[in-house]
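See structure below.
The values are calculated or read from the model by the stated rules, or taken from the named source; none is laboratory data. Quick caveat: nothing in here was measured; it's all calculated off a predicted structure. Counting neighbours? That spans all protein chains shown, and the Cβs are built from the backbone with ideal geometry, glycine included.
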Amino acid sequence: MQQNIVFKLPSAVVVLLGLLSLFITGNAGAQQISAKIECTSCHDPKVSHKIKAMHNSKHWDKLIKESPVNNDGCAACHGDSQTHAATPTKFQPRTSYGPRWTATIDQQNNTCLNCHEKTATHKEWRAGKHAEQEVTCVTCHDVHVDLDPVREEDTQAEVCTVCHKVQKNGIHHFKDKIDENPICSTCHNPHANPLPQFMMLENRSLGCRNCHDFREMQLSSEVSLKAKNYHLVMQHKDRTCVDCHLGVAHVDKENFSKLREGGLASMLVDVFHPGQSDGDWLLEEHPGAQALRQGRNCRQCHLGEAKELGKALAPKEIISSIESNVSVKKMASAVQFTITWKGSENDNSLALMFDNGQVDAFSKGGCWASCHGDLPGMSRDRGLNKTKYLLSSLKQQHSVGFPSVEYDQKTLDNMITNGEFVELWRVNLSKGKFADLQRFKVLGERKESELGQLTASANFANGIWTVVINKPIDDKVKPLIEGNDITFGIAIHLDGKSGAEHKVSLPLTISSDGIDTDFILQ
């Protein structure tokens, strides 16, 4: 007779064995469940206003057959992003629109056009001016808000004038009548040819008639007989006001000339108080973030606005901006930078940050590429006492619950060898005289390096500072590369009592031919 021997196991072990059994037998099922991770497991509409707004939009309207909610939901626009869902701090969604990651221009636009190109309003997008200039749909549109600003009458102009500066003062530059202006899309089609004639033919010059009444003009004694005869032509449906009054709506000759100037040897540059605007904010939260991530630089949007930016950002007790004169000259064996400004003998220093076209982030953001919210005194200072650094030095950026992870020293050393860093030259001043010159490499940190053949001088006379810096053309640290544009930025430090007292320029550019750059090197 066989005897069954029973071992009584402790209850805790029984529980563990049971769980193990469930894991083993249910492993395939568990994999199947985790194969598709729901976006809302992290992006909770109850917590995130942007996701909630999306769920209240037409993109989430189940009654619309073509809407994303009826076609794979979030994945309809962002693609299958399970790798991102599994490791969200490391991998981006397949198609990302920012703020942290940005897919290519074609990826973004093709996703939107997959649906919207079928509509009459968007069918000509690919042949339009905005597409030619590599503008993306999300440069202007935000679908993760309750009301898309560019589609609202009260806010449309704010979006358009981020790029279209001349129009900022409204039609005819009557600032007191800006509130009465028709919206931009009354006269311009942003999804095709934006010239006003096309829209005005469709709506019978509605933008002009918003203020000008043809009947009143025909009866007015202030309108000449010749003009009245011309106005009779407007009875024909193939005529618009701008057939005769071409360019009259947004005339601003002074600003137009500023937009066109370039390839200079010398120019006036306003350096302004930057407040606590940093590189992280520029790429994530500010209105021009998308444009920056896709290749534009700060000056392309903010040309001529440095003084206004300084006024908006500087506290009342701090000087908001300083006018400086910057010149660039090619010497026999060096590039010479000369910067002058009206100051005092207590001014602390002048700094110049320089790159030869090897650091893409610096070409776009200038000095802001090295300035971040976690630096001492900045808006997101975490007490780490960090110096200036480039985001490219990080393996993983700081995110909620996760610290920044920097590349190992070997990788950083290779990046330095490959020229993937920017230079910082600091001309220190003392009591109206030149004190000394410091040279730094900026990548994972700001690290002082040998001067080599870099030289500088400074002079203060009659209330004017003149600082001259000479950089050898064949400099071993950061040589000039044929065909590459140079980007640099300057900062003037006043009394040195506070970091807030430094004034910074927008990125400045140099090329050998002066085409599309501020300065020409010849």
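Select from the range 76-113 the residues that are of a type in the set (Ser, Thr, Tyr) and over 18 Å from the mean Cα position of the chain (by Cα) and list them in ascending order. Show your work before the answer.
Step one: list which residues in the range 76-113 are of a type in the set (Ser, Thr, Tyr), which gives 81, 83, 87, 89, 95-97, 102, 104, 111.
Scanning the range 76-113 gives Ser81, Thr83, Thr87, Thr89, Thr95, Thr111.
Among residues of the range 150-165 that are over 19 Å from Cys137 (Cβ atoms), those with a Cβ under 8 angstrom from a residue that is among the acidic types (Asp, Glu), sequence gap 6+ or separate chain, pair up as Lys165/Glu305. Restricting attention to the range 169-207, the residues that are of a type in the set (Val, Ile, Thr), surrounded by 18 or more Cβ atoms within 10 Å (Cβ to Cβ) and not in a loop (DSSP other than H, G, I, E, B) total 2. If you go through the range 417-440 one residue at a time, how many are among the hydrophobic types (A, V, I, L, M, F, W, C) and surrounded by fewer than 16 Cβ atoms within 10 Å (Cβ to Cβ)? Number of matching residues: 1. Residues considered: Asp106, Asp80, Asp44, Asp72. Of these, the only one that is surrounded by 13 or more Cβ atoms within 10 Å (Cβ to Cβ), charged (D, E, K, R) and more than 30 Å from Glu406 (Cβ to Cβ) is Asp80. Does any residue of the range 235-251 turn out to be assigned by TED's automatic domain parsing to the domain that holds Glu202, touching a residue at least 12 places away in the same chain (Cβ under 8 Å), in a helix (DSSP H, G or I) and crowded, with 17+ Cβ neighbours inside 10 Å? Within the range 235-251, one or more residues are assigned by TED's automatic domain parsing to the domain that holds Glu202, touching a residue at least 12 places away in the same chain (Cβ under 8 Å), in a helix (DSSP H, G or I) and crowded, with 17+ Cβ neighbours inside 10 Å. What number of residues in the range 167-195 are in contact with a helix residue (DSSP H, G or I) (Cβ under 6 Å, 6 or more places away or on another chain), at pLDDT below 90 and not polar (S, T, N, Q)? Qualifying residue count, the range 167-195: 3. Within the bounds of the range 390-407, is there any residue that is free of Cβ contacts under 8 Å to residues at least 60 places away in the same chain, of a type in the set (Ser, Thr, Tyr), assigned to a loop (DSSP other than H, G, I, E, B) and farther than 27 Å from Cys298 by Cα? The answer is yes; a qualifying residue exists.
Take Cys115 and decide whether it is at pLDDT 90 or above and in the same structural domain as Glu202 (by TED's automatic domain parsing). Lay out the reasoning, then the answer.
Numbers: at pLDDT 90 or above: yes; in the same structural domain as Glu202 (by TED's automatic domain parsing): no.
So Cys115 fails the test.
Across the range 87-127, the qualifying residues are those that are touching a residue at least 40 places away in the same chain (Cβ under 8 Å) and of a type in the set (Phe, Trp, Tyr), and the one among them that is farthest from Ala361 (Cα to Cα) is Trp125.
The single condition among (1) part of a helix (DSSP H, G or I); (2) at pLDDT 90 or above; (3) of a type outside the set (Phe, Trp, Tyr) that Leu63 does not meet is (1).
Among the residues of the range 111-148, those identified as out of contact with any Pro (no Cβ under 8 Å at 6 or more places or on another chain), in a helix (DSSP H, G or I) and either hydroxyl-bearing (Ser, Thr, Tyr) or surrounded by 15 or more Cβ atoms within 10 Å (Cβ to Cβ) (or both) are Thr111, Cys112, Leu113, Cys115, His116, Trp125, Ala131, Cys137, Val138, Thr139. Within the range 149-162, being closer than 13 Å to His250 by Cβ and not in a helix (DSSP H, G or I) holds for one residue alone: Thr161. When Leu494, Leu480, Leu443, Leu412 are checked against the criterion of being surrounded by 18 or more Cβ atoms within 10 Å (Cβ to Cβ), of a type outside the set (Ser, Thr, Tyr) and under 20 Å from Ser324 (Cα atoms), Leu494 stands alone in meeting it.
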